[in-house]
Amino acid sequence: MLRRRALSLALLLLPAVARAQTRAGTTDIQAIGAGPFEFPITGSFRVQREGRATVFSAADESIRFTVGFFQRRSEAAASDDPLAAVEALVRNSWERFAKSENGRIVRAFERVTSPSGLTLFSMATEFKVNSDQQYYVQFAVTDGARVGTLFAEGFGSALSSLRELEPKVRQVRIAQ
């Protein structure tokens with residue numbers, strides 16, 4: 001699996017919390033939480049901490065999700081356009097990361113509004129490692145002051161993974 005944690009560290013991620021039940025080394029997840037944000041992604045995962053992020057590895061090792069959360073300083077969040085500031089930070093970080101890793105961006109950075117009114121960012125990148133094609137699909141959600149991230153990585157097509165995950169990620173909500 002890829003070990004692309006530089007992005008997570010660059011965004012100063014704090015631990016994420018999952019709503020789950022534990023069974024024999026894996027956890028059955030009903031949703032993946034990143035701070036107050038809840039992504040409706042389900043499955044059986046091995047959960048572990050890596051630095052300031054939480055990693056959810058599928059039981060069959062087919063995919064890994066690295067999640068995190070950070071809160072912007074109050075003066076930054078109170079700027080004239082806090083969403084534009086978050087967008088610039090996230091876009092620059094992700095594009096710089098892809099370039100530094102010699103990745104090929106297969107779906108450019110995109111900004112959309114979720115049905116719950118939150119702002120979502122996404123991007124998909126593929127990497128060649130030896131003869132293997134690996135991918136990194138990045139998602140971030142924000143309300144302007146808080147940012148949750150969910151990064152998926154695995155082998156194969158980034159676009160296939162993006163098409164599978166994006167409808168779920170767009171249903172992100174603030175946990176009750």
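Points to keep in mind about this one:
- For region 131-140, the count of residues that are assigned to a loop (DSSP other than H, G, I, E, B) and of a type in the set (A, V, I, L, M) is zero.
- All of GLU166, GLU110 fail the test of being acidic (Asp, Glu) and in contact (Cβ under 8 Å) with a residue 40 or more places away in the chain, apart from GLU166.
- Note on region 46-63: residues that are open to solvent by 10 Å² or more (accessible area, probe 1.4 Å) and either outside any strand (DSSP E or B) or closer than 13 Å to LEU150 by Cβ (or both) total 7.
- All told, ARG170 meets the bar of being in contact with a Pro (Cβ under 8 Å, 6 or more places away or on another chain) and of a type in the set (D, E, K, R).
Residue-by-condition table, conditions (1) within 23 Å of THR54 (Cβ to Cβ); (2) open to solvent by less than 40 Å² (accessible area, probe 1.4 Å); (3) of a type outside the set (Ser, Thr, Tyr):
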site	(1), (2), (3)
GLU110	no, no, yes
LEU118	yes, yes, yes
PHE127	yes, yes, yes
ASP132	no, no, yes
ARG146	yes, no, yes
SER160	no, no, no
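- Only one of the numbered conditions (1) touching a helix residue (DSSP H, G or I) at 6+ places or on another chain (Cβ under 6 Å); (2) part of a strand (DSSP E or B) is violated by GLU110, and that is (1).
The values are calculated or read from the model by the stated rules, or taken from the named source; none is laboratory data. Keep in mind it's a predicted model, so treat the numbers as computed, not measured. Please note: Cβ atoms are built from the backbone with ideal geometry, for glycine as well, and neighbour counts cover all protein chains shown. We work out accessible area using only protein heavy atoms, side chains counted, and drop any ligands, DNA or RNA first. Shrake-Rupley method; radii C 1.70, N 1.55, O 1.52, S 1.80 Å.
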